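Enquirer: Encoded as structure tokens, here's the structure I'll be asking about.
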């Protein structure tokens, strides 16, 4: 689902709120999440899951085109862990 599709869904779900206000709320939510992750904070959304920043170690890799060995530096990634309710819905288990 793209951001525009999410905005469309919210517009249909909440017709009494104008689209520009919903867009501001959505953008503000994503901005707050981005800032929290950039500060190393964990984001937990009950029923959905949690996001946190992990650091991947540097490693030696091979360039598939040339076969040359190259050093890949350490980097940060965002890790998502699915919540129990989402997992139950995806795998058709009884939702608590």
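Enquirer: May I ask you to verify whether residue 35 is surrounded by 10 or more Cβ atoms within 10 Å (Cβ to Cβ), in contact with a strand residue (DSSP E or B) (Cβ under 9 Å, 6 or more places away or on another chain) and either assigned to a loop (DSSP other than H, G, I, E, B) or at pLDDT 95 or above (or both)? Steps first, please.
Expert: Numbers: surrounded by 10 or more Cβ atoms within 10 Å (Cβ to Cβ): yes; in contact with a strand residue (DSSP E or B) (Cβ under 9 Å, 6 or more places away or on another chain): no; either assigned to a loop (DSSP other than H, G, I, E, B) or at pLDDT 95 or above (or both): yes.
Judged against the criteria, residue 35 is not a match.
Enquirer: Let me ask you something else. Can you find a residue that is surrounded by fewer than 10 Cβ atoms within 10 Å (Cβ to Cβ), at negative phi and not in a loop (DSSP other than H, G, I, E, B) anywhere in the range 47-54? Break it down into steps so the answer makes sense when it comes.
Expert: Kept after step one, since they are surrounded by fewer than 10 Cβ atoms within 10 Å (Cβ to Cβ), are these residues of the range 47-54: 54.
Still in the running and at negative phi: 54.
From what's left, not in a loop (DSSP other than H, G, I, E, B): 54.
Yes, that holds for at least one residue.
Enquirer: Does residue 81 qualify as being within 13 Å of the chain's Cα centre (by Cα) and either at pLDDT 95 or above or loosely packed, with under 10 Cβ neighbours inside 10 Å (or both)?
Expert: Details: within 13 Å of the chain's Cα centre (by Cα): yes; either at pLDDT 95 or above or loosely packed, with under 10 Cβ neighbours inside 10 Å (or both): yes.
When the stated conditions are applied, residue 81 passes them.
Enquirer: Sticking with this structure for a sec: Any residue in the range 71-96 that is closer than 30 Å to residue 61 by Cβ sitting within a Cβ distance under 8 Å of a residue that is modelled with pLDDT of 95 or more and part of a helix (DSSP H, G or I)? List the pairs, counting only those 6 or more apart or interchain.
Expert: Taking only residues 6 or more apart or on different chains, the pairs are 78/37.
The values are calculated or read from the model by the stated rules, or taken from the named source; none is laboratory data. In this text, all values refer to a predicted model and were calculated from it rather than measured experimentally. A quick note on method: Cβ atoms are made from the backbone with ideal geometry, for glycine too, and the neighbour counts reach across all protein chains shown.
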